[in-house]
Amino acid sequence: MKSAGTIVAVALLIAAGIAIAPLAATEIPPAERRSGYSFMAPDTKAIQDDDTANPGMLWVLDGEALWNSKAGATGNACADCHNDARASMKGVAARYPAYDKALARPVNLEQRINLCRTRQQQATPFAFESRDLLALTAFVAEQSRGAAIAPEATAELAPFVAKGRDFFMRRQGQLNLGCTNCHDDNWDKHLAGSAVTQALPTGYPIYRLEWQSLGSLQRRLRNCITGMRAQNYDYGAPELVELELYLMTRARGMPIETPAVRP
Amino acid sequence: MASALINVPKKAKRGEIIEIKTLMSHIMETGYRHTAAGQLVPRDIITSFTCRFNGAEIFRADLFPAIAANPFVTFFTIANESGKFDFEWIGDNGFTETASAAISVE
C-alpha cells in the first residue's frame, strides 16, 4: 500500500509538472498587456501626468541644454547635425535597442548617444548613469512620447532577441528564479507591498521615487538581477542590451511615456 | 544645470484662488548616510523656500533632511492684481536659485 501511494503521489507530481511547465513559458497576450503606469496609485500617476510636477522633466530640460551645447574635438553640438530634436528624434527611441553595423550587435539609446559622441563629435563618452547621459537620453526619448514602441524586426536582430528571451525565461541565481516566473506568471500579484507588473519598459529612463533620481532600464534590470541573487552584469553588457531588446519586443505597439514616474 | 519648473497660471480673474506649483532640482542629501567605506556623506539640502509677489513675501517654507530629492512645493494664493512672482531657494554649501513668473489679473 505504502509503495502504491508513493507511485500515485509521484504520478500526480509529474502530471502537475507537465501542466505547469508550458505555463511558465507563456508570454502575456497582447490584449492583456498593461503599462507599469496602470499599476500605480492615483497620487503617483498624478506626478507623471503633470509635466511641471514630474521630476523627470528636470533631466529633459538638462538634456535639451546638452543637445545644443558644443562638445568634443569637432566642436559640434548634437543640434549641428540633427537640428531640431523635436523633428529629427521623433520616434527614434521607440525602435531602440537597434542594430549597429560596425559593432555587429544591438546598442541601446544610451550607447547610441555615446557612439555618436566618440565617432562624430570625437568627445569622451559619458559614464553610464551619469546625469549627462541620463539627461540626453531622456531628452531624446521624450521626443517619442506617445509613439508606438517598434523595435526593428530584422534578421540581423532576431538572434539577439532570442538570446534576450532566453535570459528572461532561464532560471538563475540563488533563488532559482527566471524573470518570467514573476513577470509572466505572477504579474497580477504583489511582492511584499509592491505590484509585480509585466516587465514592459514603456517609460525609460524613469524617475523612480525609490531612487529619488532618474535611472536607466539597465539600472532597473540590475536591481532585479540582484534581487534574484544572480550574477550581475556591468552597465552596457551585451546580455543586458539583449534583454532590453527582448523587453521592447514584448512592449511592441505600446506608447512611450518617457520620462515615466514609478514608485 | 536646469533647476526649477514653475507652474503659475498666466491669467486669472480678480479674487480667484490660484495654485502655484514649484519643482526644484536638488539631491537633498540627508547627512545621515554613510558611504560603503563608512564615511559620513555631508548634509546638502535646501533649507529655505520663499515666494514673493511684487516684492512682498506671500509664502515661506523651511525644508529639512526628511524631504525627498527634487522638492515639489505647491501652495494657493488669491489673485488680486497683475504682477510677478519671485521664487528663491536657499540651501547648504551656498546653494541659491531663483525663478520668476508673471501673472495678469483681469
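The values are calculated or read from the model by the stated rules, or taken from the named source; none is laboratory data. Here the structure is a predicted model, which means the values were calculated and not measured. Note: ideal-geometry Cβ built from the backbone for every residue, glycine included; neighbour counts use all protein chains shown. Each accessible area value is taken on the protein alone, full model and side chains, heavy atoms only, with ligands, DNA and RNA left out. Shrake-Rupley method; radii C 1.70, N 1.55, O 1.52, S 1.80 Å.
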Inset, instruction - Look at A:Asp188 and say whether it is surrounded by fewer than 16 Cβ atoms within 10 Å (Cβ to Cβ) and at pLDDT 95 or above. - result: no
Legend entry - Entirely in the range B:40-80, the strands (runs of 3 or more DSSP E) that have 1 or more residues that are touching a residue at least 24 places away in the same chain (Cβ under 8 Å) and in contact with a helix residue (DSSP H, G or I) (Cβ under 9 Å, 6 or more places away or on another chain): B:46-53, B:72-79
Legend entry - Residue check for B:Phe76: among the aromatic types (Phe, Trp, Tyr) and either within 30 Å of A:Leu136 (Cβ to Cβ) or within 11 Å of chain A (Cβ to nearest Cβ) (or both): no
Inset, instruction - Can you confirm whether the range A:43-50 contains a residue that is of a type outside the set (Lys, Arg), in contact with a Ser or Thr (Cβ under 6 Å, 6 or more places away or on another chain) and open to solvent by less than 30 Å² (accessible area, probe 1.4 Å)? - result: no
Inset, instruction - Considering every residue within the range A:53-74, establish whether at least one is in a helix (DSSP H, G or I), exposed (fewer than 15 other Cβ atoms within 10 Å of the Cβ) and under 23 Å from the mean Cα position of the chain (by Cα). - result: no
Inset, instruction - Would you mind telling me which numbered condition in (1) within 16 Å of the chain's Cα centre (by Cα); (2) at positive phi; (3) open to solvent by 50 Å² or more (accessible area, probe 1.4 Å) B:Thr74 fails? - result: (2)
Inset, instruction - Evaluate the range A:219-242: report whether one residue or more is under 26 Å from A:Thr137 (Cβ atoms), touching a residue at least 12 places away in the same chain (Cβ under 8 Å) and acidic (Asp, Glu). - result: yes
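Matching residues to (1) under 30 Å from B:Met24 (Cα atoms); (2) in contact (Cβ under 8 Å) with a residue 40 or more places away in the chain:
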{"position": "A:Asp50", "(1), (2)": "yes, no"}
{"position": "A:Asn68", "(1), (2)": "yes, no"}
{"position": "A:Asp84", "(1), (2)": "yes, no"}
{"position": "A:Gly91", "(1), (2)": "yes, yes"}
{"position": "A:Ala94", "(1), (2)": "yes, yes"}
{"position": "A:Pro106", "(1), (2)": "no, yes"}
{"position": "A:Gln122", "(1), (2)": "no, yes"}
Legend entry - Filter pass, B:Glu97 being in contact (Cβ under 8 Å) with a residue 40 or more places away in the chain, more than 23 Å from A:Val60 (Cα to Cα) and within 14 Å of the chain's Cα centre (by Cα): no
Inset, instruction - Scan the range B:19-38 and give yes if some residue there is surrounded by 12 or more Cβ atoms within 10 Å (Cβ to Cβ), within 13 Å of chain A (Cβ to nearest Cβ) and in contact with a Lys or Arg (Cβ under 8 Å, 6 or more places away or on another chain), otherwise no. - result: yes
